[in-house]
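Trainee: Got a structure for you, written out below as structure tokens; questions coming shortly.
The values are calculated or read from the model by the stated rules, or taken from the named source; none is laboratory data. In this text the structure is predicted, and so the values were computed from the model without any measurement. Note: ideal-geometry Cβ built from the backbone for every residue, glycine included; neighbour counts use all protein chains shown.
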Amino acid sequence: MATTKTRKKSGRPGGRPGAVEIKKATLGDWIRAARPQTLPLSIAPVALGAAAAYLMPHLEVGPAWHWLRAALCLAVALGLQIGVNFANDYSDGVRGTDKHRVGPARLTASGAAKPRTVLAVAHVFFALAGAAGLVIAIRTEYWWLIAVGAVCIAAAYFYTGGKRPYGYYALGEVFAFVFFGIVATAGTTFVLAGTVNIESWLAGAAAGSFASAALLVNNIRDRQPDTAAGKRTLAVLLGDRISRILFVVLILAPFGILVFFALFYEKAYLVYFALLAALPAAGITVSAKTAPELVLALKLTALTALAFGLGLGAAIAF
């Protein structure tokens, strides 16, 4: 991301020894800081929730489909995901947690962008998610959804923000399961259909398991620097071996849930092809010795979630 170069000083041939100039973040750096590889974890639960809603008729008017509401649900999910990524960049950067990170460099910690700028960008995406949620509340007249949205934004920010971020107390994976799994999936179904069915709850558990697995493998990669920084993630708390085993359980658990769908939806069994990404992710995580290997496992986890979400969504709806 940020690169350095020797700073030349007049009157001192060769420049001052050891002096470096930090290159400011480019557009590409900002895009990478949004962590687009994590966005499938937001797309999958919305696809699953929308498919579950598609099954249900709308009371007296028969089957209905609200494309605008579905798009707004996706906007909320993506806004929260990108917002939490920038908020995490800011919070861990100003705390010094990212000082010795082994993964890709971050905007704040590298000095490529001012902390307040990174935080402002996080707030912009939270605001966009909130605006989309407000439109949903207005169109559905479920005003209590505004409170739910506020809780979601607060959960996204306080993952690493605030005085006592829950991400520093081994609760990140739990919140990822709840908010990027159950809430995102069941919430989408409710917004579209006015109720939530068993398909939505089970699909939400599957999406949440993928989200937790993605966060866990990321924290396995950063376990040693997080330990040094006093960040007690689940990977730090459980230790290396148990964390890797838990990752395997989390990434494969959705395929156990898939058995239910395969019994009732004739094309659902095709979603087992997502194992072509899940199994390599599990194998890499168990055996990985370097950070790049775990980064690859994270990408494969996100790919698995996307394939599972879109595939099962299609099997349910069509």
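Trainee: Please determine, by comparing only the residues of region 247-279 that are closer than 10 Å to Leu312 by Cβ and within 22 Å of the chain's Cα centre (by Cα), which one is surrounded by the fewest Cβ atoms within 10 Å (Cβ to Cβ).
Mentor: The selected residue is Ile257.
Trainee: Is there a residue being surrounded by fewer than 17 Cβ atoms within 10 Å (Cβ to Cβ), at pLDDT 70 or above and under 26 Å from Gly149 (Cα atoms) anywhere in region 22-35?
Mentor: Yes: one or more hits.
Trainee: Out of the residues in region 282-299 meeting the condition of being under 21 Å from Arg32 (Cβ atoms) and of a type in the set (A, V, I, L, M), tell me which one is surrounded by the fewest Cβ atoms within 10 Å (Cβ to Cβ).
Mentor: Checking each candidate, the answer is Ala291.
Trainee: Could you list all residues from region 163-178 that are in contact (Cβ under 8 Å) with a residue 40 or more places away in the chain, part of a helix (DSSP H, G or I) and either surrounded by fewer than 23 Cβ atoms within 10 Å (Cβ to Cβ) or of a type in the set (D, E, K, R) (or both)?
Mentor: Within region 163-178, Tyr168, Glu173 meet the criteria.
Trainee: Among the listed residues Thr160, Thr189, which satisfies the condition of being in contact (Cβ under 8 Å) with a residue 12 or more places away in the chain, more than 26 Å from Leu276 (Cα to Cα) and in a loop (DSSP other than H, G, I, E, B)?
Mentor: On the way: Thr189 fails: in a loop (DSSP other than H, G, I, E, B).
Answer to the selection: Thr160.
Trainee: List every residue pair whose Cβ atoms lie under 8 Å apart, where the two residues are 6 or more positions apart in sequence or sit on different chains, the first residue falls within region 68-84 and is over 16 Å from Val151 (Cα atoms) and modelled with pLDDT of 95 or more, and the second residue, located anywhere, is of a type in the set (Lys, Arg) and not in a helix (DSSP H, G or I).
Mentor: Within 8 Å, the pairs are Ile82/Arg35.
Trainee: Let me ask another. Restricting the first residue to region 255-277 and requiring it to be over 15 Å from Thr301 (Cα atoms), which pairs with a second residue that is of a type outside the set (Val, Ile, Thr) and outside any helix (DSSP H, G or I) meet a Cβ separation below 8 Å and a spacing of at least six or different chains?
Mentor: Lys267/Phe318
Trainee: May I ask you to verify whether Gly103 is touching a helix residue (DSSP H, G or I) at 6+ places or on another chain (Cβ under 8 Å), assigned to a helix (DSSP H, G or I) and either at pLDDT below 95 or among the small types (Gly, Ala, Ser) (or both)?
Mentor: Against the criterion (touching a helix residue (DSSP H, G or I) at 6+ places or on another chain (Cβ under 8 Å), assigned to a helix (DSSP H, G or I) and either at pLDDT below 95 or among the small types (Gly, Ala, Ser) (or both)), Gly103 does not qualify.
Trainee: State which residue pairs qualify: first residue under 24 Å from Tyr90 (Cβ atoms) and assigned to a helix (DSSP H, G or I) and inside region 120-142, second residue at pLDDT 95 or above and β-branched (Val, Ile, Thr) in any location, beta carbons under 6 Å apart, and separation of 6 or more residues or different chains.
Mentor: Phe125/Ile82; Phe126/Ile153; Ala129/Val76; Ala132/Val76; Gly133/Val76
Trainee: Further question on the same structure: Applying the selection to region 192-205, what residues are over 17 Å from the mean Cα position of the chain (by Cα) and either surrounded by 24 or more Cβ atoms within 10 Å (Cβ to Cβ) or assigned to a helix (DSSP H, G or I) (or both)?
Mentor: Leu192, Ala193, Ile198, Glu199, Ser200, Trp201, Leu202
Trainee: Identify, from the list Thr195, Thr189, Thr185, the residue that is more than 20 Å from Phe308 (Cβ to Cβ) and either modelled with pLDDT under 95 or not basic (Lys, Arg) (or both).
Mentor: Sole residue among the options that is more than 20 Å from Phe308 (Cβ to Cβ) and either modelled with pLDDT under 95 or not basic (Lys, Arg) (or both): Thr195.
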